[in-house]
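Below: the structure, in structure tokens.
Values in this text are rule-based calculations from the coordinates and carry no lab data. Keep in mind it's a predicted model, so treat the numbers as computed, not measured. Every residue, glycine as well, gets a Cβ built from its backbone with ideal geometry; the counts of neighbours run over all protein chains shown.
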Amino acid sequence: TGLRAWLMSTCDVQVSAVPGAFTETNQDMVLLTLTRQPRAPRRITIFGRELSAAEIEATPNRSWRVSDDLARYFTGATVGDKLIASSGMTIGNNELFLRPIQAGGLIYEPYDFAFADEPITVAKEIARARLGKVSPRRLQRVALQEARGDTEKIVVWRQLARPHAITLPHPDYCYYNKAVAAIVYHPPEWVIFWRNDGEYVYTFKKTGNWYLHGVGGQKYFGREGLTWSLIAPRLYPRYLPPGYVLDTGAPCAFLRDGVAADELYFILGWALTDLCSRILKEVLNHTRNIQSKDFERLPYPVWVDAARKQQAIAAVKELVLAAQAGRRLTFEDADVRALNQLFCWPENDSQPMLPRPNAHHQLGLL
């Protein structure tokens, strides 16, 4: 975003096909021609089509992929005005802490967990550090701790001769939100060992390698929200009930303070539409990696009038209840596809927005 903004403030930009053919790579390639230009506005030409600078600047990521028919949706209001999105955490050892939920709400625990004290050493500090590099001040402090014989608390475990059968819910376990290719709502499939509000997991991460020390999304653990699969060809949004610990593979979004509760269902309905995924993939992020910021940058549907908004909220609530009752919904279901009509631009009520043929091949690098 920053680079595109700087180029637009400095140069005329032309993106065109690379002349000739390449056998060394099958990656998409383009030719970027920059001409320093003092006048404003500068010209942005993509494969022979000149884009409107105003339309580009209306998109939160200064997209050069915006098309005439999608530019109107970028009014300045975004989903991020209503929801704050976050990734989840990386555990570092899923097999150790995660348990699949079996029929009848049973899990089988194969380990017995405990805490122990382990000597602090410089060697371990270096082994945990990124690229094995530790600041001199940190090394000096750890060396002093080692000389004093200081210890740190670690997690230890032993394999049980026979796994314990445990019926959920149970105070030592919490539902864990892993990515699934499902929409609207999906019942929990996993729990995480969460005794003492996650003390064992947090201690394991704290005493592990450098990349485990942070806890992504921690302040949102347990909150009601929306979630989707991080890696997917389109949005697979679903309602997230309260009470879950969050996984890095399934980003989530939560209502900002003071935002009405029904906005969660309205935005879930919007995220289920073909138009929303088209905007996401053609304008905001063409990759399969749907990050938290991509979701926040989606335009908020201000073009939907109050009557249609209430209709959409009611429809999504019914879908969530149906899914919680056991119905497995897909994008092909009529009541899911009906949301396309509720969120389309008013003048196109009878023409839901559909992806243009081969649109994703036209600007693969922008």
Among 30, 342, 301, pick out the residue whose Cα is farthest towards the positive end of the charge dipole of the chain, where Lys and Arg carry +1 and Asp and Glu carry -1 on C-beta, about the Cα centre.
-> 30
Please sort 180-190, 121-131 by packing, taking for each peptide the average over its residues of neighbouring beta carbons within 10 angstrom, highest first.
-> 180-190, 121-131
Expressed as an acute angle from 0 to 90° and rounded to the nearest 10, what is the orientation of the C-alpha long axis of helix 136-148 relative to the principal long axis of the chain?
-> 20 degrees
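Using Cα pairs closer than 8 Å and at least 6 residues apart in sequence, work out the relative contact order for the chain, in percent.
Here the relative contact order equals 19 percent.
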For segment 232-304, inverting the pair-averaged 1/r of distinct alpha-carbon atoms gives a Kirkwood value in Å of 13.2 Å
Computed over segment 107-160: relative contact order in percent, which uses C-alpha pairs under 8 Å that are six or more apart | 62 percent
Among 175, 208, 243, the residue whose Cα sits farthest towards the positive end of the charge dipole of segment 90-244, when +1 is placed on the Cβ of each Lys and Arg and -1 on the Cβ of each Asp and Glu, is 208
Calculate how steeply helix 306-324 sits against the longest principal axis of the alpha-carbon atoms of the chain, using the helix alpha-carbon long axis, and give the answer as 0 to 90 degrees to the nearest 10.
-> 40 degrees
Across 5 Å bins from 0, what is the distribution of all Cα-Cα pair distances for segment 107-160, in whole percents?
-> 4, 18, 19, 17, 14, 10, 8, 6, 3, 0
Which Cα, out of 115, 142, 131, lies furthest along the positive dipole direction of segment 107-160 (beta carbon charges, K/R +1, D/E -1)?
-> 131
From zero up to wherever the largest Cα-Cα distance of segment 133-254 sits, split into 5 Å bins and tell me the percent of pairs in each.
-> 2, 9, 15, 17, 16, 12, 10, 8, 6, 4, 1, 0
Ratio for the chain, C-alpha Rg to 2.2 N^0.38 Å, reads 1.20
Spin-label point model (7 Å from Cα, Cβ direction): what's the residue 5 to residue 45 distance in nm?
-> 2.7 nm
List the lysines whose alpha-carbon lies under 23 Å from that of residue 178, not counting same-chain residues fewer than 8 positions away?
-> 205, 206, 219, 281, 293, 317
Does anything in segment 79-123 have its amide N under 17 Å from the 7 Å Cα→Cβ label point of residue 210, and if so which residues?
-> 122-123
Counting pairs of alpha carbon atoms under 8 Å apart in space and at least six apart in sequence, what relative contact order in percent does segment 129-227 give?
-> 26 percent
Send over the per residue convex hull volume for segment 94-204, Cα only, as a whole number of Å³.
-> 156 Å³
For the chain, modelled as a Gaussian network with Cα springs under 10 Å, which listed residue fluctuates most, 292, 16, 86?
-> 16
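What is the sum of charges, Lys and Arg at +1 and Asp and Glu at -1, for the other residues whose Cβ falls under 14 Å from the Cβ of residue 218?
With Lys, Arg at +1 and Asp, Glu at -1, the neighbours total +1.
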